[in-house]
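Novice: Handing you a structure now.
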Amino acid sequence: PGCNGIIKILKEQYPEKLKQNSQYNYDEAFNFIWPGLNHCSDRRRFFEDLIAGKNISLEHKKIAHLVNRGFFNVIFTPNFDHFIELSLLGQSSRPFRVHLYDEDAIPSNYVDTMIHIFKLHGDFLFDDLANFPQEMVQRINKNMWESFHDYLTGKSLIILGFSGRDDSIMNILYEMADNPYELNQGIWWVIHNNDDLKNPKLQFLIAKLQQNNKKFSIVGPTDAISFLDEIIYHF
């Protein structure tokens, strides 16, 4: 599930702490259940239980198929699960490297043809998951930040399954929109429904890109499978 799905699950599991008819932000819901930053292991166990025993989705398999075909070789994900890695093991013959911590991130000029997966907010096997804004900012610090910039110099970016409400990622995109050497080929942003376009953070990014004569293309409304199928058909 995405953020809204996770909030729904938290409401079901902790009805004494979250009201069914109330609206919560992602980090707000976690803070009502596990206040502060001192319950890392509890939050990690929640995600481990959520992920354990789940099957790889068709979306992940299609992403792995496109990676294997050489459509792209760099993936940035805020997700905690291993579904991308497992899909690549089953669908691709190409080697891949997972960048989990800041010190793991390396500049693209050191990179060969290997696939690179950047796990921006952590991995469910470790306690240092980023569920709160301050944790997200801490995880995406110097090396991760530079890798974002480095890998997208002169490139385009496809954004799929991301709402654009995470400041730690959106702040990087704002900066890149102002840099004449980055995101030169623009952004393709896949939306699930038209309400996504009401997000003020996304509107601000679109304005920045347009001011700098960089392309911003809305794809959809559509779902991930339909979008990936369209690429596979044409590629």
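The values are calculated or read from the model by the stated rules, or taken from the named source; none is laboratory data. Worth saying up front: this structure is predicted, and the values here are computed from it rather than measured. Neighbour counts are summed over all protein chains in view; Cβ atoms, including those assigned to glycine, are modelled from backbone coordinates with ideal geometry. Quick note on the areas: whole protein, heavy atoms, side chains included, nothing else; ligands and nucleic acids left out. Shrake-Rupley method; radii C 1.70, N 1.55, O 1.52, S 1.80 Å.
Novice: Going through the stretch 20-62 one residue at a time, which ones are farther than 14 Å from ILE6 by Cα, assigned to a helix (DSSP H, G or I) and open to solvent by less than 70 Å² (accessible area, probe 1.4 Å)?
Specialist: Passing the criteria: CYS40, SER41, ASP42, GLU59, HIS60, LYS62.
Novice: What's the number of the only condition in (1) out of contact with any helix residue (DSSP H, G or I) (no Cβ under 6 Å at 6 or more places or on another chain); (2) open to solvent by 70 Å² or more (accessible area, probe 1.4 Å) that LYS17 fails to meet?
Specialist: With (1) out of contact with any helix residue (DSSP H, G or I) (no Cβ under 6 Å at 6 or more places or on another chain); (2) open to solvent by 70 Å² or more (accessible area, probe 1.4 Å) applied to LYS17, the lone miss is (1).
Novice: Exactly one of these conditions fails for HIS65: (1) open to solvent by 60 Å² or more (accessible area, probe 1.4 Å); (2) in contact with a Leu (Cβ under 6 Å, 6 or more places away or on another chain). Give me its number.
Specialist: (2)
Novice: Another question, then. Just one of (1) β-branched (Val, Ile, Thr); (2) over 19 Å from LEU228 (Cα atoms); (3) within 17 Å of the chain's Cα centre (by Cα) trips up ILE33, so point out which.
Specialist: Only one criterion in (1) β-branched (Val, Ile, Thr); (2) over 19 Å from LEU228 (Cα atoms); (3) within 17 Å of the chain's Cα centre (by Cα) is unmet by ILE33, namely (3).
Novice: Another question, if that's okay. What number of residues in the stretch 17-34 are of a type in the set (Asp, Glu) and at pLDDT 95 or above? Step through it out loud before you land on a result.
Specialist: Of the residues in the stretch 17-34, the ones of a type in the set (Asp, Glu) are 27-28.
Add one more test, that the residue is at pLDDT 95 or above, and what stays is none.
Here the count works out to 0.
Novice: I've got another one for you. Which one is nearest to PHE72 (Cα to Cα) among residues in the stretch 224-235 that are exposed (fewer than 14 other Cβ atoms within 10 Å of the Cβ) and not aliphatic (A, V, I, L, M)?
Specialist: Here is the first cut: in the stretch 224-235, the residues exposed (fewer than 14 other Cβ atoms within 10 Å of the Cβ) are 225-226, 230, 232-235.
Next, from what is left, pick out any that are not aliphatic (A, V, I, L, M): 226, 230, 233-235.
On the way: SER226: 18, GLU230: 15, TYR233: 16, HIS234: 14, PHE235: 11 Å.
Result: PHE235.
Novice: To continue, here is another question. Restricting to the stretch 1-14, name every residue that is open to solvent by less than 100 Å² (accessible area, probe 1.4 Å), within 17 Å of ARG45 (Cα to Cα) and in a loop (DSSP other than H, G, I, E, B).
Specialist: Correct list: TYR14 only.
Novice: Could you please tell me which pairs satisfy a Cβ distance under 6 Å, a separation of 6+ or placement on different chains, a first residue in the stretch 68-85 that is closer than 24 Å to PHE124 by Cβ, and a second residue that is open to solvent by 40 Å² or more (accessible area, probe 1.4 Å)?
Specialist: PHE83/ILE56
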